[in-house]
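Notes to accompany the following structure.
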Amino acid sequence: MQPNINRIITTRMNSQSTPVHIRLWHKDFWLMAIANFLLAMSVYMLVPTMPAWLMETQEFSVQNAGIAMAAFGVGLFALGAFISYLVQHYRRNLVCIYAVLMEALLIGALYYLDGLHMRVASPIIIYVQRFAMGAAFGLAQMVLTSTLIIDTSESFQRTEANHSAAWFSRFALSMGPMAGLVIGRQLGFQYVLLGTLGCALAVILMVLMVNFPFRAPQDDIPTVSLDRFFLPHGFPLFLNLQLVTLAVGIILSVVHVEQFYSMMMVGFAVAILSQRFVFKNAELKSEVVTGLILMGVALLMLITRHLPIVLLAAPLFIGMGVGLIGARFLLFFIKLSRHCQRGTSQSTFLLGWESGIAWGVGIGLAVLKGDVLSGLVAALVLVIVASVMYHFTHNWFTNNKNR
């Protein structure tokens, strides 16, 4: 009898189940979750549309366009080391607002440039703009996910709050490119910029609508630190996540079909249902393994088959796979964090997710030159490498987790 009891306890500890608290979904949390979605939308709407604008209007080479898109991923790391100092010395909601405002101004500069039909004198100008936009977005997103969303929830609800809010930005991964492509083809890139600018301004409004209590500033916080920025002992997870998101970024760089992203969105919805019903009490390893298999099968279908059904099934599988992997890796980072490192774990996951996608888009353009077949093959290779690595990463995680 005793071994059976131990086996049941172990199974529950290693299951996927995340408790649901209805009380979490109050007005302030809804506002922060939607703000998280809109902030991600302001970036993802530009992923399939900005490279085309750079090459067609600004006459960039495909390599220069790729470097510009990848510069965003580098910028994500620029201000992270200062985040702990900023949120401890200033009102944390204002830090987020000013970062989003900076992003809005950078988008507005592109809108002004496009509206006057001007060409930049050098690609370096766009590189700097994308780097700065990545820095502003990274700061805003890290403050929002690692601090503001946590502040709107009770201590026992915070894992669920992080898990649920992340799904909002995950849906933006499909809805952003889809909206950008639809608006761009119907109205032009200028209106895509207006859409992203509107998303950024809506984020500012939503953050202002939430009352965050004043906290006295702390004087003993170092100006530069890894607190709320990066979890060094989570690097194996970070690297494994990056392999997956690099593959996703390469896919985004070569697929410019609205239907593809609409089916990805359906796949995300199926992934949520699967988490609640299929993987509720499954082994800890099953979710990521299933996600990687789904991504691999989808890419093989796209490479080897050209039937209409493939254009429906493949993105559905990719959406399911990315959704399952993203949700599980986020919880891995949370479980890996030590006391008072929850915010740091959130930021580390965010950096691995967003930088991988940005660099994947850059590689798809600058290295693979936007070739669809080469991009799909490269993405498949990355998924295979991520699958092999995950066998070791999972064992390392189970030996080093703290929660």
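For Glu59, only one of the following conditions fails: (1) surrounded by fewer than 18 Cβ atoms within 10 Å (Cβ to Cβ); (2) part of a helix (DSSP H, G or I); (3) not hydrophobic (A, V, I, L, M, F, W, C). What is its number?
For Glu59, the exception is condition (2).
If His89 satisfies every condition in (1) over 29 Å from Phe212 (Cβ atoms); (2) modelled with pLDDT under 95 but one, which is the exception?
Condition not satisfied by His89: (1).
For region 283-301, give me each residue that is closer than 18 Å to Thr245 by Cβ and open to solvent by less than 40 Å² (accessible area, probe 1.4 Å).
Listed by number, the residues that qualify are Glu287, Val288, Gly291, Leu292, Leu294, Met295, Gly296, Ala298, Leu299.
Give all pairs with beta carbons closer than 6 Å in which a residue from region 122-143 that is in contact (Cβ under 8 Å) with a residue 40 or more places away in the chain meets a residue that is polar (S, T, N, Q) and in a helix (DSSP H, G or I); count only pairs at least 6 apart in sequence or on separate chains.
Short answer, once both residue conditions are applied: Pro123/Asn64; Met142/Ser347.
Of the residues Leu76, Leu94, which is within 19 Å of Leu39 (Cβ to Cβ) and open to solvent by 20 Å² or more (accessible area, probe 1.4 Å)?
Checking each option against the conditions leaves just Leu94.
When you scan region 333-363, how many residues do you find that are in contact with a Phe, Trp or Tyr (Cβ under 7 Å, 6 or more places away or on another chain), farther than 30 Å from Asn64 by Cβ and of a type outside the set (S, T, N, Q)?
Of the residues in that region, 3 qualify.
If you scan region 79-120, which residues turn out to be part of a helix (DSSP H, G or I), of a type in the set (D, E, K, R) and closer than 16 Å to Thr145 by Cα?
Arg92
Looking at region 144-170, I want the residues that are over 23 Å from Tyr85 (Cβ atoms) and of a type in the set (S, T, N, Q) and have a partner that is open to solvent by less than 20 Å² (accessible area, probe 1.4 Å) and not in a helix (DSSP H, G or I) with Cβ atoms under 6 Å, at least 6 apart or on another chain. Which pairs are those?
none
Out of the residues in region 302-314 meeting the condition of being loosely packed, with under 14 Cβ neighbours inside 10 Å and either of a type in the set (Phe, Trp, Tyr) or modelled with pLDDT of 90 or more (or both), tell me which one is farthest from Val257 (Cα to Cα).
The selected residue is Thr304.
Suppose we filter region 172-198 for residues that are of a type in the set (Phe, Trp, Tyr) and surrounded by 20 or more Cβ atoms within 10 Å (Cβ to Cβ); how many remain?
Total satisfying the criteria: 1.
For Phe317, are the conditions met, namely being of a type in the set (Phe, Trp, Tyr), open to solvent by 40 Å² or more (accessible area, probe 1.4 Å) and either modelled with pLDDT under 95 or out of contact with any helix residue (DSSP H, G or I) (no Cβ under 7 Å at 6 or more places or on another chain) (or both)?
Against the criterion (of a type in the set (Phe, Trp, Tyr), open to solvent by 40 Å² or more (accessible area, probe 1.4 Å) and either modelled with pLDDT under 95 or out of contact with any helix residue (DSSP H, G or I) (no Cβ under 7 Å at 6 or more places or on another chain) (or both)), Phe317 does not qualify.
Scan Leu252, Leu208, Leu201 and give me the residue that is within 29 Å of Gln58 (Cα to Cα) and surrounded by fewer than 23 Cβ atoms within 10 Å (Cβ to Cβ).
After applying the criteria, what remains is Leu201.
Anything in region 232-249 that is surrounded by fewer than 24 Cβ atoms within 10 Å (Cβ to Cβ) and in contact with a Phe, Trp or Tyr (Cβ under 7 Å, 6 or more places away or on another chain)? List them, or say none.
Scanning region 232-249 gives Gly234, Pro236.
Has region 268-275 got at least one residue that is buried (at least 22 other Cβ atoms within 10 Å of the Cβ) and over 21 Å from Ser374 (Cβ atoms)?
Within region 268-275 (the criterion being buried (at least 22 other Cβ atoms within 10 Å of the Cβ) and over 21 Å from Ser374 (Cβ atoms)), the answer is yes, since at least one residue qualifies.
Filter region 350-403 down to the residues that are of a type in the set (Phe, Trp, Tyr) and open to solvent by 10 Å² or more (accessible area, probe 1.4 Å) and list them by number.
Result: Trp353, Trp359, Phe392, Trp396.
The values are calculated or read from the model by the stated rules, or taken from the named source; none is laboratory data. Keep in mind it's a predicted model, so treat the numbers as computed, not measured. Counting neighbours? That spans all protein chains shown, and the Cβs are built from the backbone with ideal geometry, glycine included. Just so you know, the surface numbers come from the protein's heavy atoms only, side chains and all, with ligands and any DNA or RNA stripped out. Shrake-Rupley method; radii C 1.70, N 1.55, O 1.52, S 1.80 Å.
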